[in-house]
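> My questions all concern the structure below.
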Amino acid sequence: MRARYGVPLGIAAAGAAGLLYAAGFEARSFRLRRVTVPVLPSGMRPLRVLQVSDIHMVGGQRKKQRWLRSLAGLRPDFVINTGDNLSDPEGVPEVLDALGPLMEFPGAYVFGSNDYYGPKLRNPARYLLEKAQGRHGLNGNPPAVGAVHNPWEDLRDGFDAAGWLNLTNTRGTLKIDGLSLELTGLDDPHIKRDRYEQVAGGPSDTADFSMGVVHAPYLRTLDAFTADDYPLILAGHTHGGQLCIPFYGALVTNCDLDTDRVKGLSTHTAEGRTAYLHVSAGCGTNRYTPVRFACPPEATLLTLVGRE
């Protein structure tokens, strides 16, 4: 009996322990990453940018809310929110409360698909299948049917009331200590809401610094920003792979970005130009898959410095 069932029981026990760790510890092990990016014009003072992404707030997530509020102690020059704030139609008040101290600082935001639509239970293996077939989100898949609509307008109104810039397929400008910072944003490419033609043309001559902002780092948007000569692009969406293999990394990105750039700082090249790309692994999960493995939840403090 022991010889027949020992190995399966051992595998089951290891799997249960891994699931307990992924859901009970790592998914709640919030941390801050610090990154230095040499993108500013020579002589310009450094800028500290806090990027928060993929909060996926569900009611009652008190530890996440406390951690988000604590980030205000970093005193960033400005904040960029790269979307997917919700994973619960009732979560808007808790998102606004958790981000309240950060909304005391200048900031801007784009939305992700989960801000517009509630999550659905789905087999995680479908992400691997979609990757193999080159289908992601609504890009190649049929339109969603019976989707729950989240109250994204309330979230938008809260951010706007705090003075954050809405970068939905548009440009905006932040004034920081006399500097003019141009932010060009897109709506979520994962559900085909991006309209780059509305913001095309590259950085303005009057801006001291310009950057691109988008939720999902689809290659078509990275190509467009880079070809237009934006030096830096911020994105989220990938969750860093969420369930990763130690010493190997992510299996999927949930878009057409390669897994080597699933999170952190990298570069992107298009039409002979190169931009820095930072993809946040985010600090939440879909409410139906509340686990992370070898990919802890995060926010990032980017220090922008002069070009080398």
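The values are calculated or read from the model by the stated rules, or taken from the named source; none is laboratory data. All figures in this text were calculated on a predicted structure; none of them were measured in a lab. Ideal geometry is used to build each Cβ from the backbone, glycine not excepted, and the neighbour counts take in all protein chains shown. Heads up: the accessible areas ignore ligands, DNA and RNA and are worked out on the full protein's heavy atoms, side chains in. Shrake-Rupley method; radii C 1.70, N 1.55, O 1.52, S 1.80 Å.
> I need a count of the residues in the range 43-55 that are closer than 13 Å to LEU32 by Cα and either free of Cβ contacts under 8 Å to residues at least 12 places away in the same chain or not β-branched (Val, Ile, Thr) (or both).
Of the range 43-55, the ones closer than 13 Å to LEU32 by Cα are 49-53.
Then drop every residue that is not either free of Cβ contacts under 8 Å to residues at least 12 places away in the same chain or not β-branched (Val, Ile, Thr) (or both), which leaves 50-51, 53.
Residues meeting the conditions: 3.
> Just name the residue that is most open to solvent (accessible area, probe 1.4 Å) out of those in the range 265-292 that are in contact with a His (Cβ under 9 Å, 6 or more places away or on another chain) and more than 14 Å from HIS56 (Cβ to Cβ).
THR274
> Going residue by residue through the range 202-210, is there one that turns out to be within 29 Å of GLN133 (Cα to Cα) and either of a type in the set (A, V, I, L, M) or under 15 Å from the mean Cα position of the chain (by Cα) (or both)?
Checking the range 202-210: not a single residue is within 29 Å of GLN133 (Cα to Cα) and either of a type in the set (A, V, I, L, M) or under 15 Å from the mean Cα position of the chain (by Cα) (or both).
> Still on this structure: With respect to GLN242, determine if the residue is open to solvent by 10 Å² or more (accessible area, probe 1.4 Å), modelled with pLDDT of 95 or more, farther than 29 Å from LEU128 by Cβ and polar (S, T, N, Q).
no
> Go through the residues of the range 293-301 one by one and say whether even a single one is of a type in the set (A, V, I, L, M, F, W, C), in a loop (DSSP other than H, G, I, E, B) and buried (at least 21 other Cβ atoms within 10 Å of the Cβ).
So far as the range 293-301 goes, yes, one or more of its residues are of a type in the set (A, V, I, L, M, F, W, C), in a loop (DSSP other than H, G, I, E, B) and buried (at least 21 other Cβ atoms within 10 Å of the Cβ).
> Look at GLY264 and say whether it is under 20 Å from ARG126 (Cβ atoms) and among the small types (Gly, Ala, Ser).
Taking the combined requirement at face value, the residue does not satisfy it.
For every residue, the table says whether it meets (1) open to solvent by 70 Å² or more (accessible area, probe 1.4 Å); (2) under 23 Å from THR238 (Cβ atoms); (3) not hydrophobic (A, V, I, L, M, F, W, C).
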position	(1), (2), (3)
PRO93	yes, no, yes
LEU102	no, yes, no
GLY107	no, yes, yes
TYR117	yes, yes, yes
GLN133	yes, yes, yes
ASN150	no, yes, yes
ASP157	yes, no, yes
GLY163	no, no, yes
ASN169	no, yes, yes
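> For the range 171-195, which positions are open to solvent by less than 50 Å² (accessible area, probe 1.4 Å), farther than 19 Å from HIS56 by Cα and either among the basic types (Lys, Arg) or out of contact with any strand residue (DSSP E or B) (no Cβ under 9 Å at 6 or more places or on another chain) (or both)?
Correct list: ASP194 only.
> Among the helices (runs of 4 or more DSSP H) contained in the range 46-126, which hold 1 or more residues that are under 20 Å from SER29 (Cα atoms)?
62-70, 92-99
> Please give the number of the condition ALA224 fails out of (1) in a helix (DSSP H, G or I); (2) of a type outside the set (Val, Ile, Thr); (3) in contact with a Phe, Trp or Tyr (Cβ under 9 Å, 6 or more places away or on another chain); (4) touching a residue at least 60 places away in the same chain (Cβ under 8 Å).
Evaluating ALA224 over (1) in a helix (DSSP H, G or I); (2) of a type outside the set (Val, Ile, Thr); (3) in contact with a Phe, Trp or Tyr (Cβ under 9 Å, 6 or more places away or on another chain); (4) touching a residue at least 60 places away in the same chain (Cβ under 8 Å) leaves (4) as the failure.
> Condition test on VAL58, is it open to solvent by less than 70 Å² (accessible area, probe 1.4 Å), in contact (Cβ under 8 Å) with a residue 40 or more places away in the chain, of a type in the set (Val, Ile, Thr) and within 24 Å of LEU174 (Cβ to Cβ)?
No: the conditions fail for VAL58.
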